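**Student:** Just dropping this structure here.
Bear in mind these aren't lab numbers, they're just calculated from the coordinates by the rules spelled out. What you see is a predicted model, and the numbers here were worked out from it, not measured in a lab. As a convention, Cβ positions derive from the backbone with ideal geometry for all residues, glycine included, and neighbour counts pool all protein chains shown.
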Amino acid sequence: MKHMYTLTLGTLGLLLLGVVLAAGDAFAQTARDLVGTWTLVSAINEQGGDKTDTYGPHPKGILTMDANGRYVLVIARADLPKVASNNRTKATAEENKAIVQGSIAHFGTVSVNAADQTITFKIETSLFPKWDGTEHKRPFTITGDELTYTVPSASGGGTATVVWQRAK
């Protein structure tokens with residue numbers, strides 16, 4: 001009888017471990033799992049069959065989401081030009097163009113729909129003003145410490161896949 005009891009507990013333990021391991025990624029798909037700070041890994045744009053690194057080969061970026069549903073997102077090329085005048089209001093047309101085309105930022109509130117695996121950014125203000133006051137629904141996945149989502153209508157056209165790594 002003692003042997004049967006041990007076998008049953010062992011079998012139950014293995015069964016529970018299997019359920020937890022199989023469901024691990026499914027559990028990591030809620031608003032709570034997004035809270036924190038993320039650093040940019042890549043932002044790849046696809047348009048007309050062509051793929052490009054939207055913000056260059058080593059982009060810089062940060063995405064912070066808090067427990068109250070507020071977020072801030074900033075992405076920039078690593079090689080943005082230094083403004084020669086050392087005064088951002090006196091940048092040349094070429095400097096301004098490179099900076100605008102090489103960066104994006106927005107902030108507002110964020111919500112998660114775990115059932116359809118989407119994040120909705122409710123953008124209050126963006127460096128791309130056309131996005132001000134709009135909502136952007138983006139399918140996402142979390143695998144370990146990596147967050148990936150798709151931007152169906154990227155600010156530069158096409159579709160973007162953005163990958164973030166949880167900051168440590």
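**Student:** Considering only residues that are aliphatic (A, V, I, L, M), within 17 Å of the chain's Cα centre (by Cα) and under 18 Å from Y55 (Cβ atoms), which ones fall in segment 89-125? Talk me through it step by step, then tell me what you get.
**Tutor:** Going residue by residue through segment 89-125, those that are aliphatic (A, V, I, L, M) are 91, 93, 98-100, 104-105, 110, 112, 114-115, 119, 123.
From what's left, within 17 Å of the chain's Cα centre (by Cα): 104-105, 110, 112, 114, 119, 123.
Across segment 89-125, the qualifying residues are I104, A105.
**Student:** If you don't mind, there's one more thing I want to ask. Looking at segment 127-139, can you tell me whether even one residue there is of a type in the set (V, I, T) and under 16 Å from L34 (Cβ atoms)?
**Tutor:** Applying the first criterion (of a type in the set (V, I, T)) to segment 127-139 yields 134.
When the remaining residues are screened for being under 16 Å from L34 (Cβ atoms), the result is none.
Taking every residue of segment 127-139 in turn, none turns out to be of a type in the set (V, I, T) and under 16 Å from L34 (Cβ atoms).
**Student:** Further, regarding this structure: If we keep just the residues of segment 141-168 that are surrounded by 13 or more Cβ atoms within 10 Å (Cβ to Cβ) and touching a helix residue (DSSP H, G or I) at 6+ places or on another chain (Cβ under 9 Å), which is farthest from I62 (Cα to Cα)?
**Tutor:** G156
**Student:** Residues in segment 76-92: is at least one under 19 Å from R138 (Cα atoms), out of contact with any Phe, Trp or Tyr (no Cβ under 6 Å at 6 or more places or on another chain), part of a strand (DSSP E or B) and not acidic (D, E)? Please lay out each step first, then the result.
**Tutor:** Taking segment 76-92 and keeping what is under 19 Å from R138 (Cα atoms), we get none.
Within segment 76-92, none of the residues are under 19 Å from R138 (Cα atoms), out of contact with any Phe, Trp or Tyr (no Cβ under 6 Å at 6 or more places or on another chain), part of a strand (DSSP E or B) and not acidic (D, E).
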